[in-house]
1. Taking the condition of being hydroxyl-bearing (Ser, Thr, Tyr) and part of a loop (DSSP other than H, G, I, E, B), how many residues in segment 169-207 meet it?
2. Check whether at least one residue in segment 126-148 is among the basic types (Lys, Arg) and within 9 Å of the ligand (Cβ to nearest atom), and report yes or no.
3. Within segment 16-41, restricting attention to residues that are free of Cβ contacts under 8 Å to residues at least 60 places away in the same chain and aliphatic (A, V, I, L, M), which residue is surrounded by the most Cβ atoms within 10 Å (Cβ to Cβ)?
4. Could you tell me which of the residues GLU95, GLU85, GLU79 is under 18 Å from the mean Cα position of the chain (by Cα) and surrounded by 14 or more Cβ atoms within 10 Å (Cβ to Cβ)?
5. Restricting to segment 199-223, what's the tally of residues that are near the ligand (Cβ under 8 Å from one of its atoms), open to solvent by 30 Å² or more (accessible area, probe 1.4 Å), of a type outside the set (Val, Ile, Thr) and more than 17 Å from the chain's Cα centre (by Cα)?
6. Quick check, is SER226 hydroxyl-bearing (Ser, Thr, Tyr) and either without any contact (Cβ under 8 Å) to a residue 60 or more places away in the chain or open to solvent by 20 Å² or more (accessible area, probe 1.4 Å) (or both)?
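The values are calculated or read from the model by the stated rules, or taken from the named source; none is laboratory data. The structure presented is a predicted model; accordingly, all values stated were derived computationally and were not measured. Cβ coordinates were reconstructed from backbone atoms using ideal geometry, including for glycine residues, and neighbour counts include every protein chain displayed. Side chains are part of the model used for accessible areas, which takes the heavy atoms of the whole protein and leaves out ligands, DNA and RNA. Shrake-Rupley method; radii C 1.70, N 1.55, O 1.52, S 1.80 Å.
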Amino acid sequence: AVNHKLWPEIEKVTMQQLHYARLGVGGAGGWQLFAEDGDMRMYRREEEADGLVVDPLKACHVVKGVTAREVCQIFFSPEYRSGWETTLEDMTIAETISNDTLVFLQTHKRIWPASQRDALFWSHIRSVPDDQDPDASDLWIVCNHSTEHPQYPPNSNKCVRVYLTVCIVCQTFVDPPKDPNKISRDDITCKITYCSVVNPGGWAPASVLRAVYKREYPKFLKRFTSFCIEQCKDKPILF
Ligand SMILES: CCCCCc1ccc(-c2ccc(S(=O)(=O)CCO)cc2)cc1[C@H]1C[C@H]1c1ccccn1
């Protein structure tokens with residue numbers, strides 16, 4: 001994939017998103033907590049781009065019984081998506097760049113009163129050593145970033161094209177630390193940071209968008225993490 005024309009952008013955006021995900025939500029970042037559910041904390045910043053609500057979102061969650069690799073592979077893999085992405089109406093793999101990089105075209109269910117949306121984005125999965133703690137386990141990241149494709153020009157179908165940058169960054173913790181082949185799922189937790197910026201593409205009332213985000217994002221992350229636990233519970237642990 002390194003010789004693919006998108007590779008420099010994929011590398012840059014993925015590493016930028018990794019850095020962004022690891023920034024805290026305290027301090028002057030302007031993050032406001034807008035949803036809480038158990039260990040899940042969801043923050044947003046109120047931002048507009050040419051009159052459109054593009055509120056950046058950051059969610060932090062801790063999930064027991066799954067590893068960072070398992071969570072990221074489920075988030076990345078097309079075959080699982082219909083099981084957890086409830087707002088999805090259709091999904092096409094527009095291009096397979098490599099085994100860790102795909103281009104998706106997704107049509108999302110229409111959200112009244114706005115018109116239906118679609119998203120065309122590359123999706124890249126990778127593991128990176130934790131530069132802040134070398135003897136910690138690797139971080140896993142999936143980064144999704146809008147892109148263009150000659151076969152799927154925007155607004156060519158009935159949908160308004162959204163522009164998004166999304167990342168999910170995960171890290172596995174084993175507690176109590178023990179001999180690797182004696183670890184059970186009860187000993188592992190996965191720390192998840194999910195970040196998204198979605199530009200709705202065409203006009204949608206700020207009040208509608210904020211209400212939709214407030215309703216959809218907590219539901220989305222809860223459903224995704226429950227799906228991961230369900231998928232992994234009877235399988236050997238993938239570190
Ligand atoms: C009037 C609404 C305009 C925007 C509609 C829209 C489109 C795509 C998306 C979106 C697209 C991709 C991702 S992902 O994380 O990459 C996973 C792969 O599917 C995530 C969210 C979001 C929303 C906004 C509804 C909001 C919403 C929030 C969580 C789930 C569904 N809908």
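1. 1
2. no
3. Going through the qualifying residues, I end up with VAL25.
4. Being under 18 Å from the mean Cα position of the chain (by Cα) and surrounded by 14 or more Cβ atoms within 10 Å (Cβ to Cβ) holds for just one of GLU95, GLU85, GLU79, which is GLU85.
5. Of the residues in segment 199-223, 1 are near the ligand (Cβ under 8 Å from one of its atoms), open to solvent by 30 Å² or more (accessible area, probe 1.4 Å), of a type outside the set (Val, Ile, Thr) and more than 17 Å from the chain's Cα centre (by Cα).
6. yes
Per-residue answers, yes or no, for (1) in contact with a helix residue (DSSP H, G or I) (Cβ under 6 Å, 6 or more places away or on another chain); (2) closer than 29 Å to SER98 by Cβ; (3) open to solvent by 30 Å² or more (accessible area, probe 1.4 Å):
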| residue | (1), (2), (3) |
| --- | --- |
| ARG126 | no, yes, yes |
| CYS143 | yes, yes, no |
| SER146 | no, yes, no |
| ASP179 | no, no, yes |
| LYS182 | no, no, yes |
| ILE192 | no, yes, no |
| PHE239 | no, yes, yes |
